[in-house]
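Notes follow the structure.
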Amino acid sequence: MPGGPWLRAQPPDGSTTGPRFVRPGSVEFSSHTQPDALWLSFFRPAGGAAPVAVSAFAVEVCGSGQNLADKRSRYAPAHAALLIEVGTQWLLQEVDVQGGGSKPRWKLCKAFKKRPKRVLRLPVRSLRVLFALPNDKRLKQHESTLYDKLKGTLALEAHEYLARHSSLSPTNPKLRKLIRRMLSPHTL
């Protein structure tokens, strides 16, 4: 992905708790209200020893129009700052890498000069959210009445994108192109 390595944070891998969104002074992002999928790219300024912020890409799978409205409200730009809490156990865990072998996440993200020793709370400097809307069970497999109804009428914020559930495939070239376009402006 453009701008540097992206690490999957949600859903958690089962052996550690993944990074979590936190909004200071709010219970908006509790243990039950984390995104369905989340990737992070850590940002360390030149000469810095540790990351100072993250870029985040979240996917929220919505089952209805009301569910979409609830999930959109969590990411409204008028809210206070959004933070990511990253545990050391997650950063230290080794994960498989392309080409074979494994590395700890803190080395993969290329944002640390040395092994992290404490939980991090970092500001989210760039956020993109893809909301996946349900396909209709009675219509053709790739149709979504809710998506078709909202795509031309919903006023999306600059960080919001819509897709049908059926388009969420890593081999879908249109989705891959959309994600590249979404994430390309996150670099400084």
Practice item. Take the residues in segment 14-41 that are among the charged types (D, E, K, R) and within 15 Å of the chain's Cα centre (by Cα), then tell me which one is nearest to ARG121 (Cα to Cα). Key: ARG20
Practice item. Return the only residue of ALA50, ALA46, ALA111 being over 19 Å from LEU156 (Cβ atoms), without any contact (Cβ under 8 Å) to a residue 24 or more places away in the chain, assigned to a loop (DSSP other than H, G, I, E, B) and not hydroxyl-bearing (Ser, Thr, Tyr). Key: ALA46
Practice item. Go through the residues of segment 160-183 one by one and say whether even a single one is surrounded by 14 or more Cβ atoms within 10 Å (Cβ to Cβ), hydrophobic (A, V, I, L, M, F, W, C), modelled with pLDDT of 85 or more and outside any helix (DSSP H, G or I). Key: yes
Review point. For residues in segment 47-66 being polar (S, T, N, Q) and more than 18 Å from the chain's Cα centre (by Cα), which is surrounded by the most Cβ atoms within 10 Å (Cβ to Cβ)?
Key: SER64
Practice item. Evaluate segment 117-138: report whether one residue or more is surrounded by 11 or more Cβ atoms within 10 Å (Cβ to Cβ), modelled with pLDDT of 85 or more and part of a loop (DSSP other than H, G, I, E, B). Key: yes
Check your understanding: Taking ARG44 and the conditions (1) among the basic types (Lys, Arg); (2) modelled with pLDDT of 90 or more; (3) more than 18 Å from the chain's Cα centre (by Cα), which numbered condition does it fall short on, given that it satisfies the others?
Key -> (2)
Exercise for review: Being touching a Phe, Trp or Tyr at 6+ places or on another chain (Cβ under 8 Å), part of a strand (DSSP E or B), crowded, with 17+ Cβ neighbours inside 10 Å and free of Cβ contacts under 8 Å to residues at least 40 places away in the same chain narrows it down to one of TRP106, TRP39, so name that one.
Suggested key: TRP39
Review point. Do we have any residue at all in segment 15-36 that's surrounded by 12 or more Cβ atoms within 10 Å (Cβ to Cβ), touching a helix residue (DSSP H, G or I) at 6+ places or on another chain (Cβ under 6 Å) and farther than 21 Å from LYS103 by Cα?
Key: yes
Check your understanding: Of everything in segment 57-85 that's in contact with a helix residue (DSSP H, G or I) (Cβ under 9 Å, 6 or more places away or on another chain) and part of a strand (DSSP E or B), which residue is farthest from LEU40 (Cα to Cα)?
Key -> VAL61
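The values are calculated or read from the model by the stated rules, or taken from the named source; none is laboratory data. No experiment lies behind these values; they were computed from the predicted model shown. All Cβ positions, glycine included, derive from the backbone under ideal geometry; neighbour counts span all protein chains shown.
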